[in-house]
Each structure stands twice: as structure tokens, then as C-alpha cells.
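Student: This is the structure I have questions about; it appears just below.
The values are calculated or read from the model by the stated rules, or taken from the named source; none is laboratory data. This is a predicted model, so every value here is computed, not measured. Because the Cβ atoms are built from the backbone with ideal geometry, glycine has one as well, and the counts that use them run over all protein chains shown. Areas reflect the complete protein model, heavy atoms only, side chains present, ligands, DNA and RNA absent. Shrake-Rupley method; radii C 1.70, N 1.55, O 1.52, S 1.80 Å.
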Amino acid sequence: MANNGRRSVKAKKGPTVGTGGHGRKALEGKGPTPKAEDRVYHKAHKARQLSERSAAKRGTGARSAGAAKSGPKGRATEEVVTGRNSVVEALRAGIPAKALHVAIRIEMDDRVKESLKLAAERGIPLLETGKPELDRMTDDAVHQGLVLQIPPYEYQDAYELAEETVDKWKKGHIANAPLFVALDGITDPRNLGAIIRSVSAFSGHGVIVPERRSVGVTASAWKTSAGAAVRVPVARASNLNNALKQFKNMGIYVLGLDGDGDVSLPDLTLATEPVCIVVGSEGKGLSRLVRENCDQTVSIPIDSAMESLNASMAVGISLYEVSRQRAAR
């Protein structure tokens, strides 16, 4: 058979000269396929970037008036009051403030002048700030060149507040028996502010709010309290039901406000004892577990045409009756 003039070469035994591993990297491959969010060309990567940018904005603590975000250990992060009307009203109400940010070359009007005057009188730092920074602080909310920075509210622990109050009462350091109001599912800061105001007016000793699914002390709550938030401590409970059980162990009677209560408010016999009044939201009322932890549920007599009372109004009426009975004792 023709071999086209080529000679056949017999393979030699033993080691031969090879590539020296020149193709080793190619054999190793490129490793595992990156996740979709790690691939810059993938839409998941862009979505993650947007999410991180949004989280970074929220992490600055910038919030519109009436909004607050829970932080570690039950503390709220900082929030801001924005807009000329809101800022001047907050300063008039004596809301604690960390700094007043004023836009560079702001157009002066009566609200701006009064805000600057009130801030200066209270020793609040005045900071001239550029519009881009104000936009960032407020998450692009309408600020009109004025932003008031509010520090986080320092909550007390519910158990410690109750224990201290009971101890002071037993030692005769306070005249009236301990009186608290606990909120179950209240999410409107104006309700909280009004309740704080009523507790202050009727010599109450504190307001208890749960850590989760509950309103906190925001700028709106401060404003509605008309300064009472300075005098009345607001305490947080990691679990409201557990806190109520601890209160009962201390000798504090837990009274839940409910339209179908066991006893009518005028017939209440526990008013002169240590008491914690629990109020639920206007729509849902008391939760099942909270109701089970109440020593009594109390109803407020109202016209049959009215289905229910606003939470803060119900608390105000109840505190008045407790105060009246204590004064008559």
C-alpha cells in the first residue's frame, strides 16, 4: 500500500517530551458559575444595587415627621421633621431636637425667622446645608429648606418602670397608687401623644408600648402630647403579655377597655388599687391573649348609636373616673 513517501515512526517506550503543563489552566476551568446577583450584566445585580442604595438612605435615620424606625434594643433611630410649617410647630411644642438644618441662601419668611429664633433660644445647633444633602437626609421629601433632626427617644424598660414605681409607692415617696396605661396594637402616633397627655393630666406614672407592631414616640407623638412626653415616661415591653403577667405578680391589677366588658366603668371597684389600663385599637380592640391576661374588662357606657370610642378618648375618660374615685377616697 502506498504511503506517499512517508516513513512510519514507532513509538518509543518510556517518558517523552510533553507540553510541560502549558494547558493546565485550561483544564482547570473557570470555577463555579457566579450567582445571578454577582453578574454585573444580570438584572438581579441591578436589583441588589437598588436595594442597597435604598437601605443606605434609610440607614441615615432620615424620616418624615410622624415616622420612626425601630433600632437595636428597642430604640428608635433618628427621624427628621421636614417643611417650614412642621418645623416651626415642632419647635413651638418643645420637641427635643439635635440640630436645625437650613438650606444655603434660603428665602426668608416669618416661619423661617421664627424657627431660627426658637432654635437659637433653645441652644439647638444651626447648620447651613446644601440642597443635595437635605434631599438625601429627607429621602427626597419636600423640605422647603428646613429640616429638624430629632434624636432617638430613650425608652425605659416596662418591668423596671413598674418595679420602681411600686417600690416608691410602698415607701410613701408617691401619694397615689401606681397607674399605667398599656397600648395593644395602637399604631397612630397622634393617639400615643394624646394618651401621654391624658396620663400626665391625671397623675399617671407611665405608658407601656410593645416593641413590635406598635407606635413609638415620634415627632408627631411629641407634638400631640403638648410637651407631656417630657414628664411621663414611655416604656417598652418586648412582649406585652409577659409584661402584664409580671405586673400582676407585683400586685398591679390589669384592666382591659372593651365594649363588652365584665363591669361598667362607673361600677369599677379597683380604681384605688395599683392599676394598668390596657387599650386596644379602635377597629380590632384587645387581642385575645391580652384579654385573657386582664383581671377585669371594663366598658364605657356610650350612646348605642356610637359603635366605639377613639383609643385616646377612651383612655382619657377611664383615667378621669379612676382619678375621681381616688380623690373621693
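Student: Which members of the range 288-312 meet the condition of being in contact with a Ser or Thr (Cβ under 9 Å, 6 or more places away or on another chain) and either of a type in the set (A, V, I, L, M, F, W, C) or over 23 Å from Arg324 (Cα atoms) (or both)?
Tutor: Once the filter is applied, which keeps residues that are in contact with a Ser or Thr (Cβ under 9 Å, 6 or more places away or on another chain) and either of a type in the set (A, V, I, L, M, F, W, C) or over 23 Å from Arg324 (Cα atoms) (or both), the range 288-312 yields Arg291, Val298, Ile300, Ile302, Ala311.
Student: Tally the residues that are surrounded by 20 or more Cβ atoms within 10 Å (Cβ to Cβ) and of a type in the set (Ser, Thr, Tyr), restricting the search to the range 276-296.
Tutor: Selection size over the range 276-296: 0.
Student: Suppose we filter the range 172-196 for residues that are open to solvent by less than 70 Å² (accessible area, probe 1.4 Å) and out of contact with any Phe, Trp or Tyr (no Cβ under 8 Å at 6 or more places or on another chain); how many remain?
Tutor: So in the range 172-196, the residues open to solvent by less than 70 Å² (accessible area, probe 1.4 Å) come out as 172, 174, 176-186, 188-189, 191-196.
From what's left, out of contact with any Phe, Trp or Tyr (no Cβ under 8 Å at 6 or more places or on another chain): 172, 174, 181-186, 188-189, 191-192, 194-196.
Here the count works out to 15.
Student: Could you list all residues from the range 260-270 that are closer than 12 Å to Cys294 by Cα and open to solvent by 70 Å² or more (accessible area, probe 1.4 Å)?
Tutor: Asp262, the sole residue that qualifies.
Student: Which of (1) touching a residue at least 60 places away in the same chain (Cβ under 8 Å); (2) open to solvent by 20 Å² or more (accessible area, probe 1.4 Å); (3) in contact with a Leu (Cβ under 9 Å, 6 or more places away or on another chain) is the odd one out, the single condition Trp169 does not satisfy?
Tutor: Answer for Trp169: the failing condition is (3).
Student: Hey, another quick one. Just wondering, is there one or more residues in the range 248-259 that are in a helix (DSSP H, G or I) and either out of contact with any helix residue (DSSP H, G or I) (no Cβ under 6 Å at 6 or more places or on another chain) or open to solvent by 20 Å² or more (accessible area, probe 1.4 Å) (or both)?
Tutor: Among the residues of the range 248-259, at least one is in a helix (DSSP H, G or I) and either out of contact with any helix residue (DSSP H, G or I) (no Cβ under 6 Å at 6 or more places or on another chain) or open to solvent by 20 Å² or more (accessible area, probe 1.4 Å) (or both), which makes the answer yes.
Student: Go through the range 197-235 and give me each residue that's open to solvent by 30 Å² or more (accessible area, probe 1.4 Å), polar (S, T, N, Q) and part of a helix (DSSP H, G or I).
Tutor: Selection gives Ser200, Thr224.
Student: I'd like to know if the range 299-311 contains one or more residues that are at pLDDT below 85, in contact with a strand residue (DSSP E or B) (Cβ under 9 Å, 6 or more places away or on another chain) and surrounded by fewer than 19 Cβ atoms within 10 Å (Cβ to Cβ).
Tutor: Scanning the range 299-311 turns up at least one residue that is at pLDDT below 85, in contact with a strand residue (DSSP E or B) (Cβ under 9 Å, 6 or more places away or on another chain) and surrounded by fewer than 19 Cβ atoms within 10 Å (Cβ to Cβ).
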